[in-house]
Amino acid sequence: MEDMIKKVTAEENSLQFMGDIEFKRENFQEAHKYYRQAYDKRMTLITRMDPGNSKIYKRLAKVLLYIRDNLFGYEFPNLIEAKTYVKSYIKIRKAQGKKSKSYAEFYFILALYYHRKINLDEKNQIVLYLNRGMINNNSIQKKKALKFYKKFENIWENNLNSDHLYLAIIYVHLGSLYNDLNEKKKALELYEKCKNISEKVLNSDHPDLATIYSNLGNVYKDLNEKKKALELYEKCKNISEKVLNSDHPNLASIYNNLGIIYKDLNEKKKALELYEKCKNISEKVLNSDW
């Protein structure tokens, strides 16, 4: 049995090493493949909460956070799985009386998880109302999300340059949470911080800038600052038309947002032109396999 453990440990360490190489190269899918193989080997002989599992839990949680299409987007397809590894890692480290530098990323994962849970719970509010005669205000989830976002923000603000791209990422997600909580002015402040950093470090036609301009435009629209919203939506459109196919669904959304603003500004011909563009793309998308 001892020889078997030594053999499995050697194979596991080799796979983790290969995963680390791919992670540094930002080949996150490949890194995840090696880490998962290491995890599966380890689980053939070791119990789930064995202290030695902390290394592989840390690697799996971090790589799952980075497997996504867009730095500033809101889609995290592996978030629930990442959160499971984070919880296991933290339990093991706390039992050992230890902390980790990885806590920054882990706070972010937990914050994202509870942020998403707010939106999921809101979909069930009508059921709660009918069954229990009350509305769940999600206060626990909101507090947890804010707590972990703020911990993450504090760590990175203290350890990164003020124009580091990672700070822009936390600002955009914190801004999104405040926007969901209908605290538009706070959301605006954080989105502006994100924009200022991103304009310094990204190319002027980077797709992530289009996302940032769209987020800001939405908040200015909600605050009834339509000319400012228009300026940002136009910037979003200009980038998106460069980097997306002419019939991409995102362009339909952008044209629709612009059409609304132009209509509100009483520029009806311009609004009509944009609504027509939105309609043409939407008809193609609905008749395709998108």
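The values are calculated or read from the model by the stated rules, or taken from the named source; none is laboratory data. Treat the numbers as computed from the prediction; the structure is a model and nothing was measured. Because the Cβ atoms are built from the backbone with ideal geometry, glycine has one as well, and the counts that use them run over all protein chains shown.
Listed by position, the helices (runs of 4 or more DSSP H) inside the range 208-286 whose residues that are under 24 Å from the mean Cα position of the chain (by Cα), closer than 24 Å to Lys186 by Cβ and free of Cβ contacts under 8 Å to residues at least 60 places away in the same chain number at least 3 are 226-243. Those residues that are among the polar types (S, T, N, Q) and in contact with a Gly (Cβ under 9 Å, 6 or more places away or on another chain), I need them from the range 165-219; list them, please. Across the range 165-219, the qualifying residues are Thr211, Asn215. Among the residues of the range 136-154, those identified as at pLDDT below 75 and either outside any helix (DSSP H, G or I) or aliphatic (A, V, I, L, M) (or both) are Asn136, Asn137, Asn138, Ile140.
Scanning the range 33-59 for residues that are surrounded by 16 or more Cβ atoms within 10 Å (Cβ to Cβ), among the small types (Gly, Ala, Ser) and under 16 Å from Gln96 (Cα atoms) returns a single hit, Ser54.
Is it the case that some residue within the range 81-93 is under 23 Å from Asn159 (Cβ atoms), under 10 Å from the mean Cα position of the chain (by Cα) and either modelled with pLDDT of 85 or more or in a helix (DSSP H, G or I) (or both)? No - not one qualifying residue is present in the range 81-93. Sort out which residues of the range 1-47 are part of a loop (DSSP other than H, G, I, E, B) and either touching a helix residue (DSSP H, G or I) at 6+ places or on another chain (Cβ under 9 Å) or within 11 Å of Arg59 (Cβ to Cβ) (or both), and write them in order of number. Hits for the range 1-47 are Arg25, Glu26, Asn27, Thr44, Leu45, Ile46, Thr47. Examine the range 188-208 for a residue that is out of contact with any Cys (no Cβ under 7 Å at 6 or more places or on another chain), on the phi > 0 side of the Ramachandran plot and not assigned by TED's automatic domain parsing to the domain that holds Tyr107, and state whether such a residue exists. No.
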